[in-house]
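Just below is one structure, and these are the notes that go with it.
The values are calculated or read from the model by the stated rules, or taken from the named source; none is laboratory data. What you see is a predicted model; the values in this text were computed from it and never measured. Because the Cβ atoms are built from the backbone with ideal geometry, glycine has one as well, and the counts that use them run over all protein chains shown. Note: accessible area is taken over every heavy atom of the protein model, side chains too, but ligands, DNA and RNA are not part of it. Shrake-Rupley method; radii C 1.70, N 1.55, O 1.52, S 1.80 Å.
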Amino acid sequence: MNPSNIPKWADKFLQWYCRPELLEEIQGDLYELFDLIETESGPQKARANFIWNVLRSFRLSTIKKGNISMSIMPFKSHFKVAYRQLWKQRSQTLVNAFGLVLGFACCLMIGLYIRDELSFDTMHPQKDQVYRLLSYELEDGKASRGIYHNPPLVGLLSENLPEIQDGFRVRTTDSRLIKTGPDAQNSYEQYLIYADQSMLDLFYFPLKYGDRHTALKEPNTVVLTEEKAVQYFGKTDPVGKNIFLNNNQSTPFRVTGVIKETGAKSHLAYDFYLSMETLGESKSGSWERSSYPTYLSIAEGTDIKALEAKILNLTSAYKADLEELGISYELQPVEDIYLKSQTVTTYGHWLSGDPRYLWLFGSIALVILLVAIINFVNLSTARSANRLAEVGIRKIMGSNRRQLISQFLVESVLQSVFALLLAILLVWSGRPFFEQLSGKTLSIPNDVLGFVLVSLGASILIGLLAGTYPAFYISNFSPLNSIKNALKQNSKGKLQWSLVAIQFSTSFVLIFSTNC
């Protein structure tokens, strides 16, 4: 059976190149392996493994005889000639590829930054069902959105609305001094927050030590990050040990869990999560206070707009001034919180980004890459005079234009791939500086195979695009004019001057924009 989640293009590629007598056996084994990996490790890893095995099976013993073998042989010769040509003129090759190296490096660095910005709160298993409750108020034509609610609200909603399956509250604290014993020295900490036990049930905060299902159920308990656990207790298991807040030695907080460092990003990034039960304000407590950000788990298939109206109707019985003040409720998906909270009023340590910067940085990356490609085309065309005699001799010896074009395109692709490898090394070596500049911890994606395939595919495509004009231009000369070195300067000059004009214009716009 053909699994429904396999990459269709990889399966078709296998059918295209594989010998008929081997196809059924190889394809069947790959299908079985895909089902096994998908069950154990998920569809993403299964797809990556399937693609890798299809590419790995592409060898002489499995390729169909005839057209494929014949079509591969010229490319083998092209690669040998291209390698010798580029190595012979390695100084010019480095100069020609230098612009592409910088273009690729800038794109990769900006791409890692954008990927990091888009990765917030994507790791939660129930991310499609978890929402943050916002209060929406329209006053004098201006809209304001807040995150703070009354402590009993989440209990009221969970008990009376079947669409709401679960929920939790958080609340920041003024406690800042922490020590591990009566005689220990205090340390100043910034990021502490109270949270209900349901936070650990709905959010993906895996524990290295402790039981995630009970860690915040009891009062005076605390869950801390792995970094803080090492800072205060070393590399041993700290569960059961105590910390003291603000020199309050009569009420210690018992460590019940340590959050494992996974690299996953969340807008709710704190170092210490204190049990909400410590505050003594239950879900049926007072409606006088309004300082609790509230998160809700919504059943699948729920009409969100209809649910927002139900929340307002239910809450109005307890807060009569809601309609008078023009206040309504809005449910914000947890994945939207980081990038779509510019108009939300918050206090304290709430991480947020701005999607406008992603568009801006993405546009800058494309402009830089465009300038690098234009520079590559101009340098390749400028070097064409050195290749005219070679082209003439090749044509006299029987080479047709198609073979010459493919030869020059292979050289262009090799330079592009070489530039990509240098760019990856440049990005890796310059990553600490960029992390310090951006305040982020950037890393290569977990799907290394996918990252390599996408980067390699992009570099090959760019190599083909950048090498198309030089290849067609150089191969267009007649053998006689090629040997006599009779260049058609008019057609050459117009396009080169146009490309130079575009290059300088885009560079000027980019530099001018950074100074505005």
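Key figures
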| read-out | value |
| --- | --- |
| Whole-number Å³ per residue for the convex hull built on Cα positions in region 228-308 | 189 Å³ |
| With 5 Å bins from 0: P(r) over region 1-67, alpha-carbon pairs, percent | 3, 18, 31, 24, 13, 7, 3, 1 |
| Reach of Lys12 by Cα under 14 Å, taken over aspartates and glutamates that are not fewer than 8 positions away in the same chain | Glu24 |
| For region 212-227, 3J(HN,Hα) per residue [Karplus equation, 6.51 cos²θ - 1.76 cosθ + 1.60, θ = phi - 60°, Hz, x = Gly/Pro] | 5, 7, 9, 4, 10, 6, 9, x, 6, 10, 8, 10, 10, 6, 4, 4 |
| Among 27-33, 362-368, the order from most to least packed when residues are scored by Cβ within 10 Å on average | 362-368, 27-33 |
| P(r) of region 194-251 over all Cα-Cα pairs, binned every 10 Å from zero, in whole percent | 20, 53, 27, 1 |
| Theoretical gain in end-to-end length, Leu351 to Asp201 [0.36 nm per residue, Cα-Cα removed] | 51.9 nm |
| Region 122-277 - Kirkwood radius from inverse mean 1/r over Cα pairs (Å) | 17.0 Å |
| Entries in Lys142/Lys340; Lys208/Lys241; Lys127/Lys305; Lys64/Lys88; Lys265/Lys310 that, when Cα-Cα distance is taken, lie over 25 Å | Lys64/Lys88; Lys265/Lys310 |
| Percent carbon-and-sulfur accessible area, region 7-47, ignoring ligands, DNA and RNA, probe 1.4 Å | 54 percent |
| For region 94-144, fraction of C-alpha pairs farther apart than 19 Å, in % | 64 percent |
| Mean Cβ count within 10 Å, highest first, over the residues of peptides 46-57, 300-311 | 46-57, 300-311 |
| Sequence ranges 234-242, 183-191, ranked by mean other-Cβ count within 10 angstrom, highest first | 234-242, 183-191 |
